[in-house]
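Worksheet: the structure to be examined is printed underneath.
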Amino acid sequence: MAKKKKKSKGLKRRRLENLLAGQANMAPPANQGVFNSLNNLLPKGRNEQFLLGLAVGGIAAYVLSDEQIRGKLFKGAIQAYSSVMGGLAEMKEQMADLAAEVEAEQGAA
């Protein structure tokens with residue numbers, strides 16, 4: 001008596017391998033660098049690059065020339081810097097505490 005084949009409920013192995021092989025081909029080459037994907041976002045032609053630079057420069061000039069916006073921008077930057085430095089100081093303190101605990105455990109043993 002011949003065995004009956006079970007119907008597979010999921011993807012068949014061959015189809016799954018083909019899908020995974022397709023995903024491997026979609027990955028960027030390893031020698032392209034981290035910022036290679038930004039190439040696709042930036043305009044390719046000279047005119048488009050000029051217009052993008054003109055727009056970015058105009059926005060930067062407006063933001064930096066307006067005293068209120070410039071004050072808010074620098075205030076936010078200083079707050080961000082101080083919070084990052086506070087976080088680093090807290091981490092250093094925790095590392096020193098852990099080192100002291102390890103030394104105490106080694107001294108007790």
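What do the square roots of 5 times the Cα gyration tensor eigenvalues come to for the stretch 67-109, in whole Å, largest first, as semi-axes of the equivalent ellipsoid? Can you show the working numbers first?
Details: eigenvalues 345, 3, 3 Å².
Equivalent ellipsoid of the stretch 67-109: 42, 4, 4 Å, largest first.
Hey, what do the phi angles of the stretch 69-85 turn into as Karplus ³J(HN,Hα) couplings, whole Hz, using 6.51/-1.76/1.60 and θ = phi - 60°, x for Gly and Pro?
3J(HN,Hα) across the stretch 69-85, in whole Hz: 5, 4, x, 5, 5, 5, 4, x, 5, 5, 5, 5, 4, 5, 5, 5, 5.
How large is the charge dipole for the stretch 67-109, taken about the Cα centre, if only the Cβ atoms of Lys, Arg (+1) and Asp, Glu (-1) carry charge, to the nearest 20 debye? The partial results should precede the final answer.
Working: 4 positive and 7 negative charges, 123 e Å.
Dipole of the stretch 67-109, to the nearest 20 debye: 580 debye.
Taking Lys72 as the anchor, which aspartates and glutamates have their alpha carbon closer than 19 Å to its alpha carbon, excluding any fewer than eight residues away along the same chain?
Reachable aspartates and glutamates: none.
Which aspartates and glutamates have a Cα lying under 18 Å from the Cα of Lys75, excluding residues fewer than 8 positions away in the same chain?
Straight-distance partners of Lys75: Asp66, Glu67.
Which whole-Hz couplings ³J(HN,Hα) result when phi for each residue of the stretch 60-68 is put into the Karplus expression 6.51 cos²θ - 1.76 cosθ + 1.60, θ = phi - 60°, listed in order with x for Gly and Pro?
Once rounded to whole Hz, the list reads 5, 5, 5, 5, 6, 8, 7, 5, 5.
Mind checking which aspartates and glutamates have their Cα closer than 15 Å to the Cα of Lys92? Skip sequence neighbours fewer than 8 apart in that chain.
Partners found: Glu101.
Every read-out reported here was derived from the displayed coordinates using simple, explicitly stated rules and does not represent laboratory data. As the structure is a computational prediction, the values presented were derived from the model and not from experiment. Don't worry about glycine lacking a Cβ; one is built from the backbone with ideal geometry, like all the others, and counts go over all protein chains shown.
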